[in-house]
């Protein structure tokens, strides 16, 4: 089965970027690999997708570690206060315009990656170049645009109208939130979810891998 994500060098199809569709892709890959149950880790957009997976198929996941992301049960005031932090998505999400920015102005991507890693982090220039390169191809730039646009069309309205309030988290979940993260702030606790504020910024897996690994071992046992 081909991935629809367009992440890295994976194939990027033209459709199928709604969160619910991406969740079905993950479950189908697990089926193809013969994974009846798994531990789950997701960062940022992958963390949001992880919540959908745990709500859709809780019997498939033993535990979930979410990193630098929001959960689906924010208070209305939380939504309003935090909306401005996602200003950068306006550059990438609009059809046709988003992919053009990604492909023609890589300096925007480079600036955001540096900002999300924190001022003290020193990027390996080859690694930074690879991140930027993978977002500039025709397929990948369109995939990024489509995932963000589908979030605007479907997930944001669901958050605003409180569509998740009747869906309950049963998979043991830990959410790591960088104390200096300029994008996502620590969300309010909800049933089944433990929030832990840790030193760091938005790209914890890249800038604090040992911290994330230690949290993974502790949470997954």
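The values are calculated or read from the model by the stated rules, or taken from the named source; none is laboratory data. Bear in mind that the values here come from a model prediction, so they are computed numbers and not experimental data. Counting neighbours? That spans all protein chains shown, and the Cβs are built from the backbone with ideal geometry, glycine included.
Taking residue 186, is it modelled with pLDDT under 95 and surrounded by 15 or more Cβ atoms within 10 Å (Cβ to Cβ)? Show your work before the answer.
Numbers: modelled with pLDDT under 95: yes; surrounded by 15 or more Cβ atoms within 10 Å (Cβ to Cβ): yes.
Spelling it out, residue 186 is indeed modelled with pLDDT under 95 and surrounded by 15 or more Cβ atoms within 10 Å (Cβ to Cβ).
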Exercise. Considering each residue of region 73-102, count those that are within 18 Å of residue 17 (Cβ to Cβ), surrounded by 15 or more Cβ atoms within 10 Å (Cβ to Cβ), touching a helix residue (DSSP H, G or I) at 6+ places or on another chain (Cβ under 8 Å) and in contact (Cβ under 8 Å) with a residue 24 or more places away in the chain, and give that number.
Key: 7
Quiz item: Which one of these is in a loop (DSSP other than H, G, I, E, B) and farther than 26 Å from residue 103 by Cβ: 183, 171, 212, 195?
Solution: 171
Practice problem: Could you check, for region 60-69, whether at least one of its residues is out of contact with any strand residue (DSSP E or B) (no Cβ under 9 Å at 6 or more places or on another chain) and surrounded by fewer than 21 Cβ atoms within 10 Å (Cβ to Cβ)? | Solution: no
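Within region 145-157, identify whether any single residue is surrounded by 17 or more Cβ atoms within 10 Å (Cβ to Cβ) and more than 24 Å from residue 105 (Cβ to Cβ), and answer yes or no. Don't jump to the end; show me each part of the working.
We begin by selecting, within region 145-157, every residue surrounded by 17 or more Cβ atoms within 10 Å (Cβ to Cβ); these are 145-151, 155.
Right, trim to more than 24 Å from residue 105 (Cβ to Cβ) and you get 155.
Yes; the residues of region 145-157 include at least one that is surrounded by 17 or more Cβ atoms within 10 Å (Cβ to Cβ) and more than 24 Å from residue 105 (Cβ to Cβ).
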Quiz prompt | Pairs where the first residue, in region 189-201, is touching a residue at least 60 places away in the same chain (Cβ under 8 Å) and on the phi < 0 side of the Ramachandran plot and the second is in a strand (DSSP E or B) and surrounded by 15 or more Cβ atoms within 10 Å (Cβ to Cβ), C-beta under 7 Å, 6+ apart | solution = 193/173; 193/175; 201/178
Practice problem: Collect the residues in region 61-108 that are part of a helix (DSSP H, G or I) and within 13 Å of residue 135 (Cβ to Cβ), keeping them in residue-number order. | Solution: 91, 92, 98, 99, 100, 101, 102, 103, 104, 106, 107, 108
